[in-house]
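Heads up, the thing below is written out as structure tokens.
The values are calculated or read from the model by the stated rules, or taken from the named source; none is laboratory data. All figures in this text were calculated on a predicted structure; none of them were measured in a lab. Every residue, glycine as well, gets a Cβ built from its backbone with ideal geometry; the counts of neighbours run over all protein chains shown. Please note that ligands, DNA and RNA were not included when accessible areas were found on the heavy atoms of the full protein model with its side chains. Shrake-Rupley method; radii C 1.70, N 1.55, O 1.52, S 1.80 Å.
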Amino acid sequence: MTEATMTAKERVLRTLKGEKVTPVPCFSGVGNVTTKGLEKLGYRFADLHNDAQKMAEAAMTSWELFGYECVVIPFDLCLEAEALGCVMNPYAETEELLYPTIKEKSKLTTEQLRAAATPELLKKGRIPLVIEAARIVREKVGDQVAIGSYVLGPFTLGGQINELEVILKGSLKKPEEMKEYLDALADVIILVGNHLLQNGIDYISVREMGATSDVLSPRVFKKVIFPALKKVADNMASPNILHICGSVLPVIDMMAECGYSALSIDSKTPMKEAREKTGEKTVILGNFNPFATLNTGDAEGAYNVAAQCVRDGVNGVHPGCDIWPTAKPENLEAMMKAVRETSV
Amino acid sequence: MALDSAKKEELLKRLAQGVVEFEDDEVREAAQEWVDTGEDTYDAIFDGLVSGMEEVGKLFSAQEYFVPEMLMAADSLYIGLDILKPQMKPRDSGVKGAVVIGTVQGDVHDIGKNIVKMMFDVAGFNVYDLGRDVPLEDFLKKQLETNSDIVCLSAMMTTTMMGMPKVIEMIRAKNPNCKIMIGGAPITDDIVGKFGADATAKDASNALEEAVKMVVSLREIQKEANAKS
């Protein structure tokens, strides 16, 4: 099959296997629904999270409207936390468009997490709903485009179900205890991630933004975070992407060593240095600031930013974070055009 | 026991070093020793605790310290502050004021906000902390209720910072003189201008440094005023 006839799904999955695809795919492992997409459907953002049909339809809009090469569900970071007994706030009553947050933390202990990490967990919260949404998407798009989903990394999930301050201080004060805690969280993440990959999800991102080097020292990363992230990589099916935003240059060698199919970095980590530190074989996705590029900037700027990512040697053009819904359609179009037109 | 200059130097050093190394017990003991002399604790707070926090800010900028280290230093500072503050003599010329602070709705990150809050606490402001995930209109309500001089809005995420201009507009409409500071990872000088806010700091280390600078400059103003009177 020639590259010209490859589907978006093949382009993304081959990239995640380490094959060179030209032009590189332009896709995301995290949220990318736009206001334009929501308007087309007549849905409010807050209504998508608890409705498999709406979630599926909304998730497909960036693919349908802009040829963005993925469909990613869900749109919030609460899936595993909810299954672990936390309560999500979808901000249904709020006029502003907001991402859901956890309003009540279950504060499960290491022992409670170990007890919770059984297949029973997979029936809880909205895990079945996301799998139903994946089924609806697949029915519509077939094998044209890959369906992505995500889980949180152990440290970030710890901060969702427990007080972040406790987790942060614990990583320094009681590293052995915290390692155990993250190890237990890793089991939950592996369970959920594998379940998603077995039930219609084509690739999964592990979002560990809490452990960025803007927040944690490389020493703590190595001692406390790395073992849990490696455990996830060793035990979760592929393809999987490790996503950490902020500046990660001091730890990117460890990120690569974990063994994920790909790494995803944002604009605060310079691509050339990241490549130097990880070598040619590491699949790196990145590395633009979605808000500055797609929301506040103009089309020409978006074109240039995306083209620069390609020239800097990314294996896939990928945003550093969720695409915020009010992204300008013309900027998304310019980004797609730049990626098609730019070669290394 | 009186506080001679050698003892004073020793205690200041222990307070500052205790904060830098997050030695809670050291800070607690040094603060207590100071209080036991019956002396004014003003210098202990500013030349001891704040000076230690200033060093923490430098270490953070140099990427020797990170957020957990900063949080632990802040805990040590508060241990000292709780002991020292009740014995600080009121200063007529001091900058008095009230500040309303909180993280905007949709955002549950409050660590940066708490660091900035700490420096307002140190500087002697009345701090009204609304916490995190604060409905936008609550900032206005609290500002009107307290007639605060400053409102500080925090957001960790680009997605939640969009609530800020709405709060700023609401407050400006009712009270144009109120100073509005915004902060958090996605905030840049450009955003400050666009949103119509008064000030920000570039990042977490800058937020701490800016807040320390603010406290230090307040101290200078006080010293000058004291010298004149």
Checking the conditions here, which among A:344, A:310, A:248, A:317 is in contact with a Cys (Cβ under 6 Å, 6 or more places away or on another chain) and either over 25 Å from residue A:193 (Cα atoms) or crowded, with 24+ Cβ neighbours inside 10 Å (or both)? A:317
Output the strands (runs of 3 or more DSSP E) that fall wholly within region A:235-344 and possess 1 or more residues being within 24 Å of residue B:161 (Cα to Cα) and of a type in the set (Ser, Thr, Tyr), or say none. A:262-264
Out of all the residues in region A:261-273, is one or more farther than 20 Å from residue A:72 by Cβ and among the polar types (S, T, N, Q)? yes
With the condition kept exactly as written, say whether any residue in region A:263-280 is out of contact with any His (no Cβ under 7 Å at 6 or more places or on another chain) and within 18 Å of residue A:155 (Cα to Cα). yes
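Residue-wise test of (1) surrounded by fewer than 23 Cβ atoms within 10 Å (Cβ to Cβ); (2) under 16 Å from residue A:32 (Cα atoms).
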| residue | (1), (2) |
| --- | --- |
| A:56 | no, yes |
| A:71 | no, yes |
| A:84 | no, no |
| A:88 | yes, no |
| A:94 | yes, no |
| A:120 | yes, no |
| A:124 | yes, no |
| A:138 | yes, no |
| A:141 | yes, no |
Matching residues in region A:281-308 (aliphatic (A, V, I, L, M), within 19 Å of residue A:247 (Cα to Cα) and within 14 Å of chain B (Cβ to nearest Cβ)) number 1
How do the pairs read when you match residues in region B:139-154 that are closer than 18 Å to residue B:200 by Cα with residues anywhere that are polar (S, T, N, Q) and assigned to a strand (DSSP E or B), using Cβ under 7 Å and keeping only pairs 6 or more apart or on different chains? B:154/B:103
Is it the case, given these coordinates, that residue A:225 is in contact with a Gly (Cβ under 7 Å, 6 or more places away or on another chain) and not in a strand (DSSP E or B)? no
Hey, can you tell me all the residues within region B:33-51 that are part of a loop (DSSP other than H, G, I, E, B) and either small (Gly, Ala, Ser) or touching a Phe, Trp or Tyr at 6+ places or on another chain (Cβ under 8 Å) (or both)? B:38, B:41
Consider residue B:82 against the criteria (1) open to solvent by less than 60 Å² (accessible area, probe 1.4 Å); (2) more than 14 Å from chain A (Cβ to nearest Cβ); (3) at negative phi: it satisfies all of them except one. Which criterion is unmet? (1)
Picked from region B:55-76 (must be more than 14 Å from chain A (Cβ to nearest Cβ) and surrounded by fewer than 19 Cβ atoms within 10 Å (Cβ to Cβ)), the residue nearest to residue B:5 (Cα to Cα) is B:55
Is it fair to say residue A:178 is part of a helix (DSSP H, G or I), out of contact with any helix residue (DSSP H, G or I) (no Cβ under 7 Å at 6 or more places or on another chain) and either within 12 Å of chain B (Cβ to nearest Cβ) or crowded, with 23+ Cβ neighbours inside 10 Å (or both)? no
Residues that are farther than 30 Å from residue A:12 by Cβ, of a type outside the set (Asp, Glu) and buried (at least 19 other Cβ atoms within 10 Å of the Cβ): does region A:144-156 have at least one? no
Which condition number in (1) crowded, with 23+ Cβ neighbours inside 10 Å; (2) part of a helix (DSSP H, G or I) is the one that residue A:197 fails? (1)
